[in-house]
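Down below is the structure, laid out as structure tokens.
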Amino acid sequence: MSAHSRSAELAAADVIAELKQVILEQFPNAAFRTRVAPDGRIFLDASTDADNDFDVLNLVAEQTVDFMIAHHRSVHVFPRCRA
């Protein structure tokens with residue numbers, strides 16, 4: 001793995017940890033699943049007790065856009081409301 005690839009992977013791990021922390025601050029019982037697509041896109045499934053999916057998306061919107069601009073790589077957060 002090249003130094004650039006290693007740096008990109010560390011940045012991805014950092015942003016995932018940051019997103020999880022932001023969500024956990026509002027929804028302490030949240031559960032997560034992370035997936036990486038072959039093209040490098042990152043998917044974070046977040047199961048919470050939020051009343052509305054947008055409650056979760058609004059928490060992480062700025063960080064996901066900042067990451068995409070800085071690293072040219074997308075992070076998609078998919079909120080899942082528990083019934």
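Throughout, read-outs are computed from the coordinates displayed, never taken from laboratory work. Keep in mind it's a predicted model, so treat the numbers as computed, not measured. Using ideal geometry, Cβ is built from the backbone for each residue, glycine included, and neighbour counts are taken over all protein chains shown.
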May I ask for the angle, rounded to the nearest 10°, between helix 53-71 and the longest principal axis of the chain, with both axes built from Cα atoms and the value confined to 0 to 90°? 10
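Considering only the other residues whose Cβ falls under 10 Å of the Cβ of residue 41, what net charge follows from Lys and Arg at +1 and Asp and Glu at -1?
Numbers: positive: 35, 73; negative: 39.
Once positives and negatives cancel, what remains is +1.
Fewest to most neighbouring Cβ within 10 Å: what's the order for 22, 77?
Values: 22 16, 77 23.
Least to most surrounded, the residues fall as 22, 77.
If you rank 48, 34 by fewest surrounding Cβ atoms within 10 Å, what's the result? It would help to have the intermediate numbers written out before the result.
Numbers: 48 22, 34 15.
The fewest-first ordering by Cβ neighbours comes to 34, 48.
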Compute the acute angle (0 to 90°) between the alpha-carbon long axis of helix 3-26 and the principal axis of greatest extent of the alpha-carbon atoms of the chain; round to the nearest 10°. 10
Restricting to bridges with both residues inside the chain, how much of the DSSP beta-bridge set is antiparallel, in percent to the nearest 5? 45
What are the extents of the Cα atoms of region 3-81 along their three principal axes, in Å, largest first? 41, 20, 18
Give me the percent relative contact order of the chain, please, defined on Cα pairs under 8 angstrom at least 6 residues apart. 30
